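Notes for the one structure printed next.
The values are calculated or read from the model by the stated rules, or taken from the named source; none is laboratory data. No experiment lies behind these values; they were computed from the predicted model shown. No Cβ is skipped: glycine too gets one built from the backbone with ideal geometry, and neighbour counts run over all protein chains shown.
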Amino acid sequence: MLFATATLPLEPPRDGRQSERALAIQRGVGRLLRAGGMAMVTELPLASGRRADIVAVDGDGEVWIVEVKSSIEDFRADGKWPDYRRHCDRLFFATHADVPRDIFPADAGLIIADGYGADVLREAPEHRLAGSTRRALLLRFAHAAAARLHQLYDPGPGVVP
């Protein structure tokens with residue numbers, strides 16, 4: 001019996017919430033994180049009911065959340081980001097070069113990105129997660145990543161976080 005080789009799409013399906021510019025920032029941040037040994041999941045639902053733009057985990061289990069802001073208006077319209085601190089060890093904002101850097105809070109990291117890469121302009125201060133919170137978040141991260149990978153192989157019915 002012959003088995004057909006599955007062909008995976010070049011990119012995961014888009015959910016329609018992000019602008020082209022936000023997707024380019026996300027891609028550049030992803031390249032930066034991967035080069036630094038981190039794995040990421042985008043649009044991850046958190047225990048608080050919020051949805052983080054990017055959640056990244058390194059090999060030691062350190063958790064970063066990166067909030068993508070593609071414009072001044074995008075930043076000003078979103079006041080939910082302080083809640084993200086409860087779900088990560090470090091909180092960053094990522095934007096592009098045309099957004100003024102001084103609008104972002106000094107107590108969060110800052111990344112400038114485009115579709116090809118990114119640079120950390122300001123490191124984020126560390127605020128370590130409690131062990132039980134870290135465990136719950138890592139399980140949420142792993143489950144979402146595995147479910148999304150499975151969805152690429154078998155796009156049948158089912159809820160994908």
On the basis of being modelled with pLDDT of 95 or more and over 18 Å from the mean Cα position of the chain (by Cα), does Asp102 make the cut?
yes
Restricting region 64-87 to residues that are out of contact with any Lys or Arg (no Cβ under 7 Å at 6 or more places or on another chain), under 18 Å from Arg34 (Cα atoms) and not charged (D, E, K, R), the one surrounded by the most Cβ atoms within 10 Å (Cβ to Cβ) turns out to be Val66
Which residue is nearest to Asp60 (Cα to Cα), if the candidates are limited to region 87-134 and must be among the aromatic types (Phe, Trp, Tyr) and assigned to a strand (DSSP E or B)?
Phe92
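Give the residues of region 31-52 that are without any contact (Cβ under 8 Å) to a residue 40 or more places away in the chain, within 8 Å of the chain's Cα centre (by Cα) and closer than 21 Å to Asp74 by Cα, sorted by residue number.
Thr42, Glu43, Ala52
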Regarding region 68-76, can at least one residue be identified that is touching a residue at least 24 places away in the same chain (Cβ under 8 Å) and within 20 Å of Ala142 (Cα to Cα)?
no
Inspect region 131-150 for any residue being more than 21 Å from Ala39 (Cβ to Cβ) and free of Cβ contacts under 8 Å to residues at least 40 places away in the same chain and give the result as yes or no.
yes
Which number in (1) surrounded by fewer than 13 Cβ atoms within 10 Å (Cβ to Cβ); (2) farther than 24 Å from Leu149 by Cα marks the one condition that Ala118 misses?
(1)
